[in-house]
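Read the structure below first, then the notes.
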Amino acid sequence: MKYFKALILILTLAFLVTSCFEDDDDIPISTSEINDFVWRGMNTFYLYKENTTDLANNRFSNNQEYTSYLSSFSKPEDLFESLIYQRQTVDRFSWMVDDYIALEQFFSGISTSNGMEYKVFRFSSTDTSIYGYVTYVLPNTDAAAKGVTRGDIFYGIDGTQLTTTNYRSLLNQSDYTVNLGNYNDNSTPDDVNDDSITESSETVSLSKSQYTENPIFINNVLDVAGTKVAYLMYNSFTGTEQFNAELNDTFGIFKNANATELVLDLRYNPGGSVYTAIMLSSLITGQFNGDVFSTEQWNDELQQAFENEDPEALINRFINNNEGTPLNSLNLNRVYILTSRSSASASELVINSLAPYIDVVQIGTTTSGKYQASTTLYDSPNFRRNGANPSHTYAMQPLIFKSLNINGVTDYFDGLSPETGNVVPEDINDLGVLGDVSESLLATAIAKIAGTGRSINKKVKSVDFIADSKDLLPFAKSMYTDKKIPAGL
């Protein structure tokens, strides 16, 4: 692996830092193993190490001071949070888990779900009551079997009104009953100030079970005035060999159908694998094999180590094959990408990294604003899964680098926004059918392809969107790197 030399140096640096906390008799540190793991991992890899005083290499002068510091935190989560740099404004996406088995399953596309994906909102930022609407339903799930459909409105769970303080606990239950309602615009569709949700007596009981979600939700080829238009709704950058192979096969279908335009629907895609983002971008194009897709900026210490030992390790390049299999690239010079506030991390990486090379026509609303990537750190000598401490299952997913496109564009904290004329919000009261040519976002893309569309720039409903179903999983909106420390170092 191209990280080999640089990571030898990285681990050497980590050893030098932590070894200073042992005395001459090599007496082990008498503090919580988990807290020690948290500090060592963050000290080595955290992107914002230089901004965090407690992560400085010279923070502790001796073993006793270090032990006292770790002992001041009763829970690993408290120590971890204390090391996060500006949680509300800069690092919104580092997190840790106490069960890395569930984390690994999620990265493989496996989670616990009843199949109802949704967003929750309130009518103003001062409301305490909130409401939900179904964005899509996963196939072969309890929600699908019980007739839950896109556009269903709900106001409560188990008879309790959803509020800003209870919605997470209520919707995180394994089993619950959804209280359905109706959206009432009071016959003023352009004015949301008098909108409300009318409660009904209709309910549906849902149960969660283990589920593997295929990120390819919809794929078909449309005929638009004689032009073959590929449409792909891609809901996660799940970087498994199986799903990457299926993605390549899907583009093979597009290629065989002679598709010359692509509408890529990422409106509900929270992100995932950096490698899969590179692969998808290479499938869209194909003419830039070997060119710079994105570059990485790590903390100062690791950045210098990479630059000294292996600067190529900081560069991600377009590819022309996946695990030795040639990519079914479309060689496009333009792509239409549908987005919303739920589009995050790897979705934004695709938009930002393709923009210098081809015409990226973004349609929808502004994205989430996540330009940093993370990796899983385990409590082992080299932070890999192999050799992890058997006494616990804690793992961390700290931010370790931020991505820049070939022009150096990064730090899009406020998200990536469509140009004027391409702002098309979803209408809660009329969502349409995903993949249907009349659905508002897809219809806008088709009109632009056909040359019949005018600038739309629809007014965004002034409801206050709070979260979507993926937000209830702390690791769902992660952009994670697949380049990990080689085992055996």
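Specify which of the listed residues (SER125, SER74, SER111) is closer than 30 Å to SER343 by Cβ, open to solvent by 20 Å² or more (accessible area, probe 1.4 Å), assigned to a loop (DSSP other than H, G, I, E, B) and not charged (D, E, K, R). So that I can check it myself, show each step before the final result.
Numbers: SER74 fails: closer than 30 Å to SER343 by Cβ; SER111 fails: assigned to a loop (DSSP other than H, G, I, E, B).
Going through SER125, SER74, SER111 in turn, just one is closer than 30 Å to SER343 by Cβ, open to solvent by 20 Å² or more (accessible area, probe 1.4 Å), assigned to a loop (DSSP other than H, G, I, E, B) and not charged (D, E, K, R): SER125.
Every residue in the stretch 397-425 that is polar (S, T, N, Q) and open to solvent by 20 Å² or more (accessible area, probe 1.4 Å), please. If you could, list the steps in order and put the result at the bottom.
Filtering the stretch 397-425 for residues polar (S, T, N, Q) gives 397, 403, 405, 407, 410, 417, 420, 422.
Across the stretch 397-425, the qualifying residues are ASN407, THR410, SER417, THR420.
Any chance the stretch 30-40 includes a residue that's at pLDDT below 90, more than 29 Å from GLU296 (Cα to Cα) and surrounded by fewer than 17 Cβ atoms within 10 Å (Cβ to Cβ)? Steps first, answer last, please.
The first filter runs over the stretch 30-40 and keeps only residues at pLDDT below 90, leaving 30-33.
Add one more test, that the residue is more than 29 Å from GLU296 (Cα to Cα), and what stays is 30-33.
Keeping just the survivors that are surrounded by fewer than 17 Cβ atoms within 10 Å (Cβ to Cβ) gives 30, 33.
Checked the stretch 30-40: at least one residue is at pLDDT below 90, more than 29 Å from GLU296 (Cα to Cα) and surrounded by fewer than 17 Cβ atoms within 10 Å (Cβ to Cβ).
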(Q) Please go through the stretch 168-184 and give me each residue that is part of a strand (DSSP E or B), more than 13 Å from ILE130 (Cα to Cα), at pLDDT 95 or above and polar (S, T, N, Q), ordered by number. (A) THR177, ASN182
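Within the stretch 129-160, can you find the residues that are of a type in the set (Val, Ile, Thr), in a strand (DSSP E or B) and under 22 Å from ASP195 (Cα atoms)?
Residues of the stretch 129-160 of a type in the set (Val, Ile, Thr): 130, 134-135, 137, 141, 148-149, 153, 157, 160.
Pick out the ones that are also in a strand (DSSP E or B) and you get 134-135, 137, 153, 157, 160.
Correct list: VAL134, THR135, ILE153, ILE157, THR160.
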Q.
Suppose the filter is within 21 Å of ASP300 (Cα to Cα) and either crowded, with 21+ Cβ neighbours inside 10 Å or of a type in the set (A, V, I, L, M) (or both); does LEU47 pass it?
A. yes
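Give the number of residues within the stretch 380-396 that are open to solvent by 30 Å² or more (accessible area, probe 1.4 Å) and either among the aromatic types (Phe, Trp, Tyr) or at positive phi (or both). Lay out the reasoning, then the answer.
Just the residues of the stretch 380-396 that are open to solvent by 30 Å² or more (accessible area, probe 1.4 Å), to begin with: 381, 384-387, 390-391, 393-394.
From the residues that got through so far, the ones that are either among the aromatic types (Phe, Trp, Tyr) or at positive phi (or both) too are 387, 394.
Final tally of qualifying residues: 2.
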Q: Output the number of the condition that ASN308 fails; it satisfies all remaining conditions of (1) open to solvent by 40 Å² or more (accessible area, probe 1.4 Å); (2) at pLDDT 95 or above; (3) within 30 Å of ASN43 (Cα to Cα); (4) not charged (D, E, K, R).
A: (2)
Q: Among the residues of the stretch 337-366, count how many are open to solvent by 10 Å² or more (accessible area, probe 1.4 Å) and assigned to a strand (DSSP E or B).
A: 4
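Give the residues of the stretch 358-367 that are touching a residue at least 40 places away in the same chain (Cβ under 8 Å) and of a type outside the set (Gly, Ala, Ser), sorted by residue number.
First, pick out the residues of the stretch 358-367 that are touching a residue at least 40 places away in the same chain (Cβ under 8 Å): 358, 361-367.
Scanning the stretch 358-367 gives ILE358, VAL361, GLN362, ILE363, THR365, THR366, THR367.
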Q.
Out of everything in the stretch 311-336 that is among the hydroxyl-bearing types (Ser, Thr, Tyr) and under 26 Å from the mean Cα position of the chain (by Cα), what residue ends up being surrounded by the most Cβ atoms within 10 Å (Cβ to Cβ)?
A. TYR336
**Q.** Matching residues in the stretch 77-89 - criterion: being of a type outside the set (D, E, K, R) and surrounded by fewer than 17 Cβ atoms within 10 Å (Cβ to Cβ)
**A.** SER82, GLN86, GLN88, THR89
**Q.** Breaking point among (1) open to solvent by 60 Å² or more (accessible area, probe 1.4 Å); (2) at pLDDT 90 or above; (3) part of a loop (DSSP other than H, G, I, E, B); (4) not β-branched (Val, Ile, Thr), for LEU434
**A.** (1)
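Pick from ALA14, ALA102, ALA6: which is touching a Ser or Thr at 6+ places or on another chain (Cβ under 6 Å), surrounded by 14 or more Cβ atoms within 10 Å (Cβ to Cβ) and modelled with pLDDT under 95?
Numbers: ALA102 fails: touching a Ser or Thr at 6+ places or on another chain (Cβ under 6 Å); ALA6 fails: touching a Ser or Thr at 6+ places or on another chain (Cβ under 6 Å).
Answer to the selection: ALA14.
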Q: Collect the residues in the stretch 320-357 that are free of Cβ contacts under 8 Å to residues at least 12 places away in the same chain and either among the charged types (D, E, K, R) or at positive phi (or both), keeping them in residue-number order.
A: GLY324
**Q.** Subset of the stretch 185-208 [open to solvent by less than 30 Å² (accessible area, probe 1.4 Å) and either in a loop (DSSP other than H, G, I, E, B) or of a type in the set (Ser, Thr, Tyr) (or both)]
**A.** VAL192, ASP195
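The values are calculated or read from the model by the stated rules, or taken from the named source; none is laboratory data. The model shown is predicted, which means the values in this text are computed figures rather than measured ones. Don't worry about glycine lacking a Cβ; one is built from the backbone with ideal geometry, like all the others, and counts go over all protein chains shown. The protein model used for the area step is the full one, side chains on, heavy atoms only, and it has no ligands, DNA or RNA in it. Shrake-Rupley method; radii C 1.70, N 1.55, O 1.52, S 1.80 Å.
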